[in-house]
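The structure appears below as structure tokens.
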Amino acid sequence: MSQADEFLSLHLPGSPLLMPNAWDAGSAKVLASLGFQALATTSSGYAATLGRLDGQVTRDEVIAHATALAEAVEVPVSADLEAGFAATTDEVEETFRLAVGAGLAGGSIEDYAGLEKDTIYPIEEATQRVAAAAAAAGDGFVLTARAENHIRGRDDLDDTITRLQAYQEAGADVLFAPGVVAVEDVRRLVDAVDRPVNVLLLPGGPSVPELAEAGAARISVGGAFAFAALGAVKRAAEELLGTGTTGYSELAAEGAKAFRSAG
């Protein structure tokens, strides 16, 4: 079984793959060592390591980053490839050829046109872009197609479902609509498509067991782990600046031990 086949086989509706998002090779090693069967990158988390916001990283940087993560662990890695870093379908194809060459088991393409345009691609154009990614990636790659409506100010589940149905026909292996949170909406989405569905775990939303019951086949966390790490750094720094004590040392020791064990 190829790594991509292995990765796809882990997508089981009702018994979802828990796929955390690593932001560097070190975090990837730790997460893999803890028993996660597959990992994803995070565009926002990686951008933060460069001192930038989500959407401000280049294709070359993302491919190099994804290559480093794929080389750091033995489990499948899926990359957040945003909108393919491409204005044309030819450029989308090139991005996904590079992704295959990076040793990735999978990757995603979204229908948000990026910060510069700040719009969702029309469904026909978005579907053509998914088809281009699928053709370039081939069979040895798990392609996730993302409908971005619900995190881009368009709370339209009907349109999201129509888009995901079109994307599956264009060759997507997994479907994802970040921001769809309510259990009944997840269930409706799952019932409307014929591919495994990834759900983003969000605070205040359904738990993993609730999403499993709704039929989710994969659950990811986006940039949450990366920013949790930055939150821990912020608290440690505030303690140093404030009381000058080392209450953070216990957490630091735990992290060091986890990294050494992952080595």
- [ ] Express as a percent, rounded to the nearest 5, the fraction of DSSP beta bridges in segment 1-140 (both residues included) that run antiparallel.
- [x] 10
Open item on the list: What is the sum of charges, Lys and Arg at +1 and Asp and Glu at -1, for the other residues whose Cβ falls under 14 Å from the Cβ of SER261?
Closed with: +2
- [ ] Rounded to the nearest 500, what is the 222 nm mean residue ellipticity of the chain from helices alone, with -39500 (n - 2.57) per DSSP H run of 4+ residues and division by all residues?
- [x] -15000 deg cm²/dmol
TODO: Could you point to the label whose value was computed as volume of the Cα convex hull per residue in Å³ for the structure here, given [x] 130; [y] 147; [z] 120?
DONE: [x]
Task: Near-label residues of segment 96-117 by backbone N, under 16 Å of a point 7 Å along Cα→Cβ of MET1 - done: 105-106
- [ ] Please get the size of the charge dipole for segment 55-155, origin at its Cα centre, with Cβ charges of +1 on Lys and Arg and -1 on Asp and Glu, quoted in debye to the nearest 20.
- [x] 140
Task: Sites ARG235 and ARG260 - FRET efficiency at Förster radius 25 Å, r taken between beta-carbons, to 0.05 - done: 0.65
TODO: Please work out the FRET efficiency for the pair LEU12 and ARG97, using the Cβ-Cβ distance as r and a Förster radius of 25 Å; give the result to the nearest 0.05.
DONE: 0.25
Open item on the list: Going by average Cβ density within 10 Å per residue, which order do the peptides 5-18, 132-145, 241-254, 32-45 take, highest to lowest?
Closed with: 132-145, 32-45, 5-18, 241-254
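We did not get these values from a lab; they are worked out from the coordinates using the rules stated. No experiment lies behind these values; they were computed from the predicted model shown. Glycine also receives a Cβ, built like all others from the backbone with ideal geometry; neighbour counts cover every protein chain displayed.
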